Amino acid sequence: MYSIETLNIRGSQNEAVANTFFRQKQETRHVAILLPGLNYTAHMPVVYYPGQLLVACGADVLRVEYTYGRQPRFQALPDVEQDQWFRADVSAVFDAALAQRNYERVTLVGKSIGTLAVGDLLTTKTRLPRPECVWLTPLLGNERLCTQIKQVRHRALFVIGTSDPEYDQAKLAEMERATGGESIVIDGADHSLEIGGDVVRSIRAVQRVVEGIQKYLG
């Protein structure tokens, strides 16, 4: 069993970072942080179900719920300052999650822009025992992210569709080699890991992703 809470997380500008924390009733040494896409929320299938899986596996799970699209002050900022705000929020999220217990295992799950957050956490945070990352539709066109992925040795699972504009077969193979990781590639899936015009195949794609993450988690 678990309780559902909201942690008091203050990020950039001392703004509250919206979140939901699933706290296991029993003792656990495993925490997971879910970092969704900007427009692909934590309540959508490819992020929601991995989160439920991690809870079922006995991990504490901190689910971030961005509100940038509803913050006029954020929207009015230049890109560089938006980026700084986002990174400060993610750092605060990580610190809040790791403060809950004495964890020995940390799982980072990022989707799209959330993979940029995971890359930053990998390379800036020293308290990462047994780092493992699930890269959902990683932004492979972002050179900074690719450098970060290769910079820190970690257990890696990459998930992407062949119709995703970010899909690059050669770059994906490079990331696999660098990390010793594995990939789930969904034929015909877009950046939302949906297959246009085919709801049943899209549902099966989500099932394949969740089963792959379950296997990865052990």
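The values are calculated or read from the model by the stated rules, or taken from the named source; none is laboratory data. A quick note: this is a predicted structure, and the numbers were derived from the prediction, not measured. Note that each Cβ is placed from the backbone with ideal geometry, even for glycine, and that neighbours are counted across all protein chains shown.
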inquiry  = Exactly one of these conditions fails for PHE21: (1) in a strand (DSSP E or B); (2) loosely packed, with under 14 Cβ neighbours inside 10 Å. Give me its number.
reply    = (2)
ask   = What single numbered condition from (1) part of a helix (DSSP H, G or I); (2) within 27 Å of VAL206 (Cβ to Cβ); (3) not charged (D, E, K, R) fails to hold for GLN13?
value = (2)
query = Does any residue in the stretch 155-166 that is farther than 12 Å from PRO138 by Cα come within less than 8 Å, Cβ to Cβ, of a residue that is of a type outside the set (Gly, Ala, Ser) and in a strand (DSSP E or B) six or more places away or on a different chain, and which pairs are these?
reply = ARG155/PRO131; ARG155/GLU132; ARG155/CYS133; THR162/VAL185; THR162/ILE186
request  = Give the number of residues within the stretch 2-55 that are aliphatic (A, V, I, L, M), farther than 17 Å from VAL134 by Cβ and in contact with a helix residue (DSSP H, G or I) (Cβ under 8 Å, 6 or more places away or on another chain).
outcome  = 4
inquiry  = Step by step: first the residues of the stretch 163-182, then only those that are over 19 Å from PRO45 (Cβ atoms) and among the polar types (S, T, N, Q), then the one that is surrounded by the fewest Cβ atoms within 10 Å (Cβ to Cβ). Which residue is that?
reply    = GLN169
query = In the stretch 69-102, how many residues are in a helix (DSSP H, G or I), loosely packed, with under 15 Cβ neighbours inside 10 Å and not charged (D, E, K, R)?
reply = 5
key: Criterion violated by HIS191 - all others in (1) under 21 Å from PRO50 (Cα atoms); (2) in contact with a Ser or Thr (Cβ under 6 Å, 6 or more places away or on another chain); (3) at pLDDT below 95; (4) of a type outside the set (Asp, Glu) satisfied   = (3)
request  = Starting from residues that are charged (D, E, K, R) and either buried (at least 24 other Cβ atoms within 10 Å of the Cβ) or at pLDDT 95 or above (or both), keep the ones in the stretch 106-131 and report whichever is farthest from TYR216 (Cα to Cα).
outcome  = ASP120
ask   = What about GLN207, is it closer than 18 Å to VAL47 by Cα, surrounded by fewer than 17 Cβ atoms within 10 Å (Cβ to Cβ), out of contact with any Asp or Glu (no Cβ under 9 Å at 6 or more places or on another chain) and touching a residue at least 60 places away in the same chain (Cβ under 8 Å)?
value = no
note = Residues in the stretch 8-35 that are among the aliphatic types (A, V, I, L, M) and either farther than 19 Å from SER91 by Cα or more than 16 Å from the chain's Cα centre (by Cα) (or both) total 2
task = Sort out which residues of the stretch 40-68 are in a helix (DSSP H, G or I), among the small types (Gly, Ala, Ser) and buried (at least 18 other Cβ atoms within 10 Å of the Cβ), and write them in order of number.
result = GLY51
inquiry  = Of the conditions (1) surrounded by fewer than 17 Cβ atoms within 10 Å (Cβ to Cβ); (2) within 18 Å of GLY188 (Cβ to Cβ), PHE158 satisfies every one except a single condition; which number is it?
reply    = (1)
ask   = Counting only residues that are at pLDDT 95 or above and acidic (Asp, Glu), how many does the stretch 1-46 have?
value = 2
